[in-house]
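Below: one structure, written as structure tokens.
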Amino acid sequence: MNAAPVSRRARPAKAPLSREVVLETGLRVLDAEGMAGLTMRRVAKELDTGAASLYVYVANRDDLMTGMFDHVLSTVPTPTEGDWRERLTLLVEDTVDALARHEGLALVGFGRIPATEHALVLVEQLLALLRAGGLDPATAAWAVDLIYLHLTAAAAEQSAHHTGAGEARYIAEIGRRFDALPAERYPTLVALRAQLLGGDGDARARWALRALLNGVVATPVGAR
């Protein structure tokens, strides 16, 4: 005996769509299937709707990615303890960590002028902390560009390490390539092989940010 048809009215009601729901669903798809799997059609399927329905909330895939980037930035907490340098360091590290959890997402902000809502909030916080540290307006303005470039690049690199399925194989291949380098042609590379390829990645990241901030503080705009 065939089962009686199920009325549409008997089905559970779908959650109403909104830009935030679309962005959060996009993040889930990205985390599950990677950048190659993130399409408007795939996000729509996850939401049990048609791709055309998404265009009410996001203009296209680029807008979806930009919105996802900004949504992740909105989750980064504002540091409240410590001096200006401690708070700035924590803000940068937390932002890098948040972006690095999602494959390729940091590249959305790489090399771009921050213009979305929470990217602007981040820049405002960074500028305020730099000014609290005594930097003059010009140096603070130039420094925030450098810091924003650093954090997006660092997040993109960490994301590749965290989410790349072939990352271990790639590192092993690079190690073998360095092992095979002729010392007479690359004497310094061969001598520093262990330092170049080894070490604690977190320690390197902390050192890089300290070196960046020390350089900014020691090099005001206009200094010779």
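The values are calculated or read from the model by the stated rules, or taken from the named source; none is laboratory data. In this text, all values refer to a predicted model and were calculated from it rather than measured experimentally. Here the Cβ positions follow ideal geometry from the backbone for every residue, glycine too, while neighbour counts run over all protein chains shown. Surface areas here come from the heavy atoms of the whole protein model, side chains and all, with no ligands, DNA or RNA. Shrake-Rupley method; radii C 1.70, N 1.55, O 1.52, S 1.80 Å.
Restricting attention to segment 162-204, and to residues there that are among the aromatic types (Phe, Trp, Tyr) and modelled with pLDDT of 90 or more, which single residue is nearest to the chain's Cα centre (by Cα)? Checked segment 162-204; the qualifying residue nearest to the chain's Cα centre (by Cα) is PHE178. Kindly indicate whether ALA205 is out of contact with any Leu (no Cβ under 9 Å at 6 or more places or on another chain) and surrounded by 15 or more Cβ atoms within 10 Å (Cβ to Cβ). Yes; evaluated as a whole, the condition is true for this residue. In segment 37-61, the residues that are under 15 Å from LEU27 (Cα atoms) never reach a residue that is open to solvent by 70 Å² or more (accessible area, probe 1.4 Å) and among the β-branched types (Val, Ile, Thr) with C-beta atoms less than 7 angstrom apart, at least six apart or across chains. Looking at segment 11-68, the helices (runs of 4 or more DSSP H) lying wholly inside it that each contain 1 or more residues that are under 19 Å from ALA98 (Cβ atoms) and at pLDDT 95 or above sit at 19-37. Restricting the first member to segment 15-32 and to residues that are within 15 Å of ASP70 (Cα to Cα), and the second to residues that are of a type in the set (D, E, K, R), the beta-carbon pairs closer than 6 Å and six or more apart or on different chains are THR25/GLU46. Restricting segment 95-145 to residues that are within 18 Å of ASP70 (Cα to Cα) and hydroxyl-bearing (Ser, Thr, Tyr) leaves a set whose member that is most open to solvent (accessible area, probe 1.4 Å) is THR116. Note on segment 146-157: residues that are closer than 15 Å to THR219 by Cα and open to solvent by less than 40 Å² (accessible area, probe 1.4 Å) total 1.
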